[in-house]
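Asks: One structure coming up, written as structure tokens, with questions to follow.
Any read-out appearing in this document is the output of simple, stated calculations on the displayed coordinates, not a laboratory observation. Quantities reported herein were computed from a predicted structural model and do not represent experimental measurements. Cβ sites come from the backbone with ideal geometry, for glycine too, and all protein chains shown count toward neighbours.
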């Protein structure tokens, strides 16, 4: 197992490298630049700025510098948020996104698995139909509709909860963005769980467990659940990576100072280093969660061997 | 599944009429028809498409026509303007034209108005009347007092805004229709782009196999670990925001799953006898891929397309929400929803109407896709 983790981490390095390279050149070959404002800067100022940020060097030199710096953890200064390095910006925003994303992930995972299991146990009943309809709505209604509607109902009309912002970080501020973030994922988890749970309940070992006279709860929770969790676990990796690195939409709607907005803001402002920083952040999250999920997979299904 | 490509030709005489065979496609069709949710989804999709593409021909307003008199008015089936507000409108016209309003009367679709002034009134005053959205065709019917009193008559322009208007005074009904056209077009075209790339890539990789397959699949794995939504944002921001680019870009990032599915199919297909026969006939790899492999992967591919279309529509609306989608005065459902979300407190209908159509479309696509998958699933036979 240990050597498996090591090998996977080692193979992540070239992947990360290729991701960085593709993003770097894609951005640079596009027209426009961070200092091409609506009112052009005087040529001398422009030249000075380009020189300060070493943007006047040949692209290969810039690429080399970026890679060597990035390896040592220096992701460069942000071009737009002056006086801030990219590492500082991400360091400031990430805790907010992580906290919100973590709650949303817990809500989506447990809510989805619970709803899916109930639907599977009462297959083709009214309850099953209701749960699946709601989850279809969850999948199809984008969170930029859910967000404003939640705000309108719970913050503006009923004024139970604050409409946005982080406030003092108490749960009151987190409930609405958490729901908006979790709902689509919760719906996916519910659908996945229902499908695999129905299949698992029809397998031989469940029939055997039932024949032994085990209580229904034990059969479902300890025997069927284990097999039914496999597709859920494999969806967990992309889902966790997406939720924990913040959502541009939810953070914009609820004015949360997280890291999700930086990518869009960075791209719009041609803030090359900021975009690269967020790309690397997301790629690392994706790789790490894929690895974790593979390990979890081996624990759930002993037939999966990592050797 | 080659049956799909061939039209239902009349069966040869040796099969008796009551023992008519059913192709796999016909069986799938029968199963699909029995699925009520899927059929309802299909009907709904057709209705929404008709609404979006034919609807604008039945509405007299165009999507970029601005009605300055009707900014952000709520939806109503009653025609605008309502009679009670006309007096006030005419008074403001009179003050703008620097004349006094003496009499004003509305009878059905026409109005008559009398202006007075201490100086002779310029006959061009009619233009002040015409300029208001509420009135039109103003003509002078009588001039009295050496031109100091002018009688005009004209038509009251009645406009219907069943969905209300937006913050610029544009008819939301027409804008929802246009948004539907763009969202549906992006959804279908981007899915076709991803279908083209994915099928070709997957079939080539699977059929040739060996080292080529390894390299091609490795490339897909690398592309999977790229943060793709981010990539779309970068591409759209950096290369402009034209309509064509948006669906090309979305299509170009959605083909990965398609390629994997087609490759899996191809791996199974290339062991089949008809492929060996084609090889024995001396066909080139490309001919075999084109004529024998690709047509046989069509079943799972069609099912997958129904999954891709809503994904693409959602992605486009996400881009529009961030302000990276099609540019005004064109619009898409996503852009309309974004606009509505910003004005949710003052004008909730701006969010409600586009959101209803958007969600209804995705809902129907989901049901139709589920139905198609069940219908084509060989396990269910």
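Asks: Taking only C-alpha pairs under 8 Å that are 6+ residues apart, what is the relative contact order of the range A:119-219 in percent?
Replies: It comes to 31 percent, rounded to a whole number.
Asks: Within a 10 angstrom radius of the beta carbon, how do A:303, B:170, B:124 rank from fewest other beta carbons to most?
Replies: Starting with the residue having the fewest Cβ neighbours, the order is A:303, B:124, B:170.
Asks: Packing-wise, with mean Cβ within 10 Å as the measure, how do A:175-184, A:281-290 rank, highest first?
Replies: The peptides rank, most packed first, as A:175-184, A:281-290.
Asks: Could you order peptides B:214-223, B:341-350, A:245-254 by the average number of other Cβ atoms within 10 Å of their residues, highest first?
Replies: Highest to lowest by the protection proxy: A:245-254, B:341-350, B:214-223.
Asks: Counting pairs of alpha carbon atoms under 8 Å apart in space and at least six apart in sequence, what relative contact order in percent does the range A:87-304 give?
Replies: For the range A:87-304, the relative contact order is 29 percent.
Asks: Would you mind computing, in nm to one decimal, how far apart the modelled labels at residue A:212 and residue B:185 are, each placed 7 Å from Cα along Cα→Cβ?
Replies: My value for the distance between the label points is 6.3 nm.
Asks: Over the range A:17-109, with a single point scatterer placed on each C-alpha, what log10 of the ratio I(q)/I(0) does the Debye formula yield at q = 0.24 1/Å?
Replies: -1.34
Asks: Regarding the range A:114-214, what whole-number volume in Å³ per residue does the convex hull of its Cα atoms give? Let's see the in-between values first.
Replies: Details: hull volume 13.5 nm³, N = 101.
Dividing the Cα hull volume of the range A:114-214 by its residues yields 133 Å³.
Asks: Would you compute, for the Cα atoms of the range A:193-286, the largest minus smallest coordinate along each principal axis and list the three values in descending order, in whole Å?
Replies: Cα extents, longest axis first: 65, 25, 16 Å.
Asks: Order these by the 10 Å Cβ neighbour count, fewest first: A:191, A:122.
Replies: A:122, A:191
Asks: Hey, what's the Cα Rg ratio for the range A:87-304 versus the globular rule of thumb, 2.2 N^0.38 Å?
Replies: Working it through for the range A:87-304, the quotient is 1.15.
Asks: Also, quick follow-up: For the range B:101-169 and the range A:144-220, write down the distance between their C-alpha centroids in whole Å.
Replies: Answer, in whole Å: 60.
Asks: Please give, to one decimal in nm, the separation of the simple spin-label points placed at residue A:54 and residue B:78, each 7 Å out from Cα toward the Cβ.
Replies: 6.9 nm
Asks: Output the Cα-based Rg and Dmax of the range B:248-304 in Å, rounding Rg to one decimal and Dmax to a whole number.
Replies: 13.0, 40
Asks: Also: What percent does the relative contact order of chain B come to when contacts are Cα pairs within less than 8 Å and at least six residues apart?
Replies: 22 percent
Asks: Another one. Within 10 Å of each residue's Cβ, count the other Cβ atoms and sort A:118, B:246, B:121 from fewest upward.
Replies: Going from least to most buried by this count: A:118, B:121, B:246.
Asks: Using helices alone, I'd like the mean residue ellipticity at 222 nm for chain A: each DSSP H run of four-plus residues gives -39500 (n - 2.57), total over residue count, nearest 500.
Replies: Result for chain A: -23500 deg cm²/dmol, rounded to the nearest 500.
Asks: Between the range A:228-306 and the range B:330-381, how far is it from one alpha carbon centroid to the other, in angstrom?
Replies: Result: 25 Å between the Cα centres.
Asks: What 222 nm value per residue comes from the helices of chain B, counting each DSSP H run with n ≥ 4 as -39,500 (n - 2.57) and dividing by all residues, nearest 500 deg cm²/dmol? Walk me through the numbers before you get to the answer.
Replies: Details: 14 runs with 215 residues, N = 381.
Taking each H run of at least 4 residues, the total per residue is -18500 deg cm²/dmol.
Asks: Let me ask you something else. Could you check how many percent of all C-alpha pairs in the range B:287-381 are farther apart than 16 Å?
Replies: On the way: 2927 of 4465 pairs.
Result for the distance tail: 66 percent.
Asks: Within the range B:135-152, whose backbone N sits under 20 Å from a point 7 Å along Cα→Cβ of residue B:116?
Replies: Under cut-off, by backbone N: B:140-152.
Asks: Also: Over the Cα atoms of the protein assembly as shown, what is the Rg over Rh ratio if Rh follows Kirkwood? Mind showing how you got there, number by number?
Replies: Values: Rg = 31.0 Å, Rh = 29.5 Å.
When Rh is taken as the Kirkwood radius, the ratio is 1.05.
Asks: Which three lengths, in whole Å and largest first, does the range A:1-160 cover when its Cα atoms are put on their principal axes?
Replies: 72, 53, 27
Asks: While we're on this one: What distance in nm separates the two pseudo spin-label positions at residue A:153 and residue B:102, each 7 Å out from Cα along the beta-carbon direction?
Replies: 6.0 nm
Asks: Please state, as a whole number in µm²/s, the translational diffusion coefficient that the Stokes-Einstein equation yields for the range B:169-313 at 10 °C and 1.306 mPa s, with Rh defined as the Kirkwood radius across alpha carbon pairs. Walk me through the numbers on the way to the answer.
Replies: Numbers: Rh = 16.7 Å.
Roughly 95 µm²/s, to the nearest whole number.
Asks: Calculate the radius of gyration of the Cα atoms of chain B to one decimal place, then report Dmax, the largest Cα-Cα distance, as a whole number, both in Å.
Replies: Taking only Cα atoms of chain B, I get Rg and Dmax of 30.2, 103 Å.
Asks: Based on the Cβ-Cβ distance of residue B:57 and residue B:33, what FRET efficiency does E = 1/(1 + (r/R0)^6) give at R0 = 22 Å, to the nearest 0.05?
Replies: 0.10
Asks: Ok, one more. How large is the Kirkwood hydrodynamic radius of the range B:82-158, in angstrom, based on all distinct alpha carbon pairs?
Replies: It is 12.1 Å.
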